[in-house]
Every structure is written in structure tokens, then in C-alpha cells.
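A short reminder: the numbers here are calculations on the coordinates, not readings from a lab. Because the structure is predicted, anything quoted here is derived from the model rather than measured. Cβ: placed from backbone, ideal geometry, glycine included. Neighbour counts: every protein chain shown.
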Amino acid sequence: MDASLTPSGRGRGSAAKLAVEGLLLVGLLAVSMAAVRWHQRDDSPTFDEGIHLFSGVEALEDGSGWLNPEHPPLLKLAGALALRPLGLLTPCRILPCTSTPFNGYLKWLYGNAAPADVIVSAGRRPFPWILAALAVVLFLGVRKVAGPAAGLLAAGLVTLDPGFVAHAAYVHTDVGAALAFLAVTLLALRAAGGVSLDRWLLLGLALGLALVTKFSTVLLVPLVLVAPFLPLLLPGARSETHRPARGVTRDRLVGALAALAVAATVVYGVYAFTLRRMPQESIEASVRAYLGGRQARPDEMEDYVRLVRLSPPVGQYLAGLKGVALLSERGRGANWFRGELSERAFPLYFPAAFLLKSTPAFLALLAFALVAGVRRLWPRRGGEGPAGRTLLAVLVPLLVSAAYFLLSVRSAFNIGARHLLPVWALLVFAAAVVAGRAFSARPRLFGVLVLLLVASSGLSLARSRTSPIAYFNFLAGGPDGGRHWFSDSNVDWGQDLLRLHRFLETRGWEGTTTIVAYGGVATNYYSRSCRLLDPDKPFGPGRYAVSHVMETLGYPFTKGIEGEAAARQVEELVRTLKARGRRIAFVGGSITIWELPG
């Protein structure tokens, strides 16, 4: 008898297949992590990273929460934990923790036991692993429903996606939010498929961690509430023969309430920890300062102050959520899209960003999934069998991603496609499941398709070189065309100041070039001998290094940091350069070198 047909032979065959799957997944992760590291080592600190790290250290070491309440603390705490080997002074040892340190945080960043760039580099260390965790969750989730090839397809399209690789390098919440949305959605599906209380408690833990990752994850709370009723979406589930028992539905509802209780406990505990040494009067003052900066009405501010008096952790969390809602409603004062500057939202901003920053591989998979449709998965008879679970595995992520996308389109905060990373993750999951099920009878053909799509995604990443943050697909005309569509963190997040320094130093231009840019460190942090604009002195002929944000959003961006006079000078310089200047070089993905003749 052939050994492969014996029980032990089947075991060895299964083990071999699992080993191959594991090696392929590890290979994808290794390539992805290397790509993150490749650009991360040369990326200067981006706009927000220093603030996030200050806020994390403030919470972890000092038990205070003055700065940056618009982002929940979990990932900031992770970055702060990575800073401990540096032996840094804590914020309260540099600044008095009795009032807001919003501008004074620079003293912590620049006057500490390590240079500012070293601090940010150390704080970044945990964040590539979030992308790795996202890929593993994708692989395991898709594999369970549609097989290992589909799981590897989903993991490959995310690990080699320029957008995910770009943002996995930075101290921020966007990749973490994608992981949170995917994990909670999959755990909600798993919990809805049974009555085990353990599943609901695990779902509650995941939801709690999601809620302290990014405020947009509050969209997951309704998902947990409706999870007990998800089986009712199946065709025929309401028929007499397939109607779920009342006891089962009741047990699931109890499980959902238990999950929400666990989530609330996690949120309360994390916020109580971050505020553990902060007097209540200071928490009230921080809420007033934060909501006042978001132009909240006085009565609104006092409502949240009263919540702080009842429960500081609850009041701080809800005030942070309110501030984000106000920001989404009113924007930050300026958005730029296709050459137009506006204080209002652009309805086409996020649809265009989604279309133009997706890889061709992802678009091809999504197009196939739309054509194939869930009709191939729709069970002819109701119930909760394998076909029904497959349908839910496609339908629920689609509904969650659609809700998130529609809210994004309504937002007046048009600053980057990075806010859509949860949508990409959920759609990759759903599309990979559809593809895997559609090709279940033709595994070899599907294997070739997986190889082609993953290789295509890798090619997109390779073409982005050291600037995956500025990646655009062929529909936008590549990066050169994409810069005519978008600005801000789609192109320029301040990541190219170190590359600019090396470029100028190599050519001996540093002392004769005026840099007009912003980032997470001072403009002249690397290029100490460079020139900077002075609003008290007129600019003249010479060489200028101008970042994309300054070319597009220069006036409102500079006004908020340096005032009216500096903003008007930047506006006039950019206008003059475009009228009479000559582009002589381009650095990284965001900085243009201009020559202005005499």
C-alpha cells in the first residue's frame, strides 16, 4: 500500500503542506519587513511622530494625559515602551505637568538624553510588527474559509502593498486600525457561529483593544451588537425549518452584552492607567483646551467636563471622541485636491484616493470578486452550514468596509488615503474569499493566479523604491501624476529631510540652498548650514528646496505654525518659482529643487 494513503502518510502529507504554507507566509513577511526597514532607515521623522511619542511617554512614565487626546493611547504606549532603553527624561521632569505642554514638547524632543531622530527611530520599532500581525490574521482568516492559497493571496497583497509598507514604518495608528477592524470583524463572525461564551469574551477583549487604538473603531460597536443576529441574514434562515432556536439567539445576545462589558472594562482600564497621576482639575483643563481648539461650543465643553467629574477615564475618552467628530465635521481649515484648495470636504477625495493608490493587483482581484459576485456563494437552502458561513464571511466585511468608507467620504478631514487602510484590509479579505471559493475546483489555475497577483503587488512595491508613501498606480500616471491629485500624507509627510541633506551635502549645495519644508523635526535638523526663509527679509534669486506640502498647502500650513507674515512669504515664493523658476532635481518622493534666476 502507498504510504501516502495510510493514516500516518496522510499525517505526514498534512504536516508537509502546513510547513510549506508556513514557509511561504514567513517569506512574505520577511520581504515585507525588509521593505519597511529599507525606507524606514532613511525616513526622517514625520509630522506627528514626536507628538505621539511625547504623549505615550507622558502616559507611560508620568501617568498624565495632557497632549494629543485625539488619538487613544494604546499604540502611543507601545512606542513609549520601546524608548525605555534610551533612559530618557520624562515630560514631567522637563516641563511642568500642570498645564498643556503643546508647544513645549519640543524641549522634551530636543533636550533629552538622546538626539531627536534617535528617539523617533527607537519609538518606531514595534510598528512594523503590527503589519506582520495583520498579515497573519488575514492568512488564517481567509485560509479557514477559502483555503491556504487564498490566504496567501490576501497576505501577499497586504504585505507587499506600498501603502501598508509605507505606514507600517511610522509611529501612528493607521495600520493598527486596519488590524483592529479586521480582527474584530472576524471574531464577531466566529462568535456569531456558536454560543460559546469564551468566543464572546475574546471578541470583547479585541473590541476593547480596538477602541483604544483609534477612535474610528467605534464603528465596530454596532457590529458586536448585531452579531447575535447575523445568522438571520442567511437565505431561508427565517423559514420554519431553519429558524434558529430562541435559546440560541438569547445566548448569543447575552454573549454580545458580555463582550461589550469586557470592551468597556478594557477602555476604562487603559485610560485609568494613563491618567493615574493626573489631578482631576488638570484633566478638566485639558478637556477644555482640547475641545476649545476644535471650536466646540462652551456648553459642549462643559458637558464633557461634567463627565470628567463623574469619571475621569470615561470623560477623557468621550472628549477625545468628540474632538475627532468635530474635526471630521469641520476639517482642519484647508484641504487640497486636484490643484484646488478648500476649507470644505471634497466628496470625490477618498474615492479617488482609493482608486489611484490601490495596486493593480488589488484592483484586479476586486474586479474579479465583483464580477464573480456572492451569487456563487449564495446557498440554495438556508441555515448555518458551510455555504452560509462563507456568505457571511464575505457579506459582513463588505458591510463594515462600506460603512467606514461612506463616513470617510462625508469627512471634511481630507488629509490622506492612510485613513482607508481598514477598508483595504477588509476588502482584500472578502475578495480573496470569493476568489478562493470560485476557483476551488481548479486549484492549479488558482495557484498561478495567486502567484501572478502577488508578484504584481511586489512589482508595485519595487517601483515605489524608497518612497512607498508617495505611490500611485498607472491610472494616476504614477507618482508624477499622483502629485497633481493629492498632497499631505499621500505624498509628503516630512519624510524626506534626511534624503535632502544627503543630496545637498553630496553636491556641496547645503550652504547655498534655502529649504522650505516641514517635518517631525526642525527644518534644519540635518542640514545645519542651510538657509531658511525669514519673513523680515525678501527672498531673492538662488536655489530652493521646496516640499510638496509647501507647494500645495503652504499658506494655511505655515500660517498655523509661524503666522501670517511667514505664510504670505511662502505663498509668494511658490508663486514666483512656478512662474519664473526652473526645476533642477527631485529628492525622495516629495521635495523639488528649484533654481530661481536673477
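Here are a few things to note about the model shown:
- Legend: calculated FRET efficiency, Ala585 to Arg306, from the Cβ-Cβ distance at R0 = 45 Å, rounded to 0.05, equals 0.20.
- Given R0 = 56 Å, the distance between the Cβ atoms of Arg528 and Thr265 translates into a calculated FRET efficiency of 0.65.
- Hz values of 3J(HN,Hα) by residue in the stretch 126-132 - Karplus curve (6.51, -1.76, 1.60), Gly and Pro given as x: x, 6, x, 5, 5, 5, 4
- Near Asn473, once Lys and Arg are set to +1 and Asp and Glu to -1 for all other residues with Cβ below 10 Å from its Cβ, the sum equals +2.
- Restricting the stretch 521-591 to trypsin sites (Lys or Arg not before Pro) in coil, as DSSP defines it, with at most 13 other Cβ within 10 Å: Arg528
- From phi via Karplus (6.51, -1.76, 1.60), per-residue ³J(HN,Hα) for the stretch 441-452 in Hz, x at Gly/Pro: 8, 10, x, 5, 4, 5, x, 5, 4, 4, 4, 5
- Principal axis extents of the Cα atoms in the stretch 1-154, from largest to smallest and rounded to whole angstrom, are 79, 28, 24.
- Measuring against 19 Å, Cα to Cα, the residue pairs Lys214/Lys322; Lys107/Lys537; Lys144/Lys357; Lys357/Lys559 contain Lys107/Lys537; Lys144/Lys357; Lys357/Lys559 as the ones spanning a longer distance.
- For the chain, the Cys residues with no second cysteine's beta carbon closer than 4.7 Å are Cys530.
- Each of Glu564 and Arg410 was given a label point 7 Å from its Cα along the Cα-to-Cβ line. The distance between the two points is 3.7 nm.
- Inter-label distance, nm, simple model (7 Å from Cα along the C-beta direction), Val314/Ala19: 5.6 nm
- Derived scalar couplings between HN and Hα for the stretch 50-62 equal x, 5, 4, 5, 4, 4, x, 5, 4, 6, 5, 9, 9 Hz in order, rounded to whole Hz, by the Karplus curve 6.51 cos²θ - 1.76 cosθ + 1.60 (θ = phi - 60°), x for Gly and Pro.
- Protection proxy ranking, highest mean first, for peptides 184-192, 124-132, 285-293: 184-192, 124-132, 285-293, where packing is the per-residue count of other beta-carbon atoms within 10 Å, averaged.
- Stretching the chain fully between Leu475 and Val26 yields a gain of 158.5 nm (0.36 nm per residue, less the alpha carbon separation).
- Three-way shape label, the stretch 148-201, alpha-carbon gyration tensor, a/c 1.5: oblate
- In this rough spin-label picture, where each label sits 7 Å from Cα along the Cβ direction, the Gln280-Thr576 distance is 5.8 nm.
- What the Cβ-Cβ distance of Ala455 and Leu348 gives, at R0 = 35 Å and to the nearest 0.05, is a FRET efficiency of 0.65.
- For Phe586, residues with placed amide H under 5 Å, excluding near neighbours: Ile593
- Given their separation in residues at 0.36 nm each and the Cα-Cα distance between them, Leu232 and Leu219 gain 2.6 nm when the chain is fully extended.
- Direction-averaged projected area, Cα convex hull, the chain: 30.6 nm², rounded to one decimal.
- Residues whose amide H lies under 5 Å from that of Val516, counting only those 5 or more places away or on a different chain, are Ala545, Val546, Ser547; hydrogens are built 1.01 Å from N in the peptide plane.
- Antiparallel bridge percentage (DSSP; both residues within the chain; nearest 5): 75 percent
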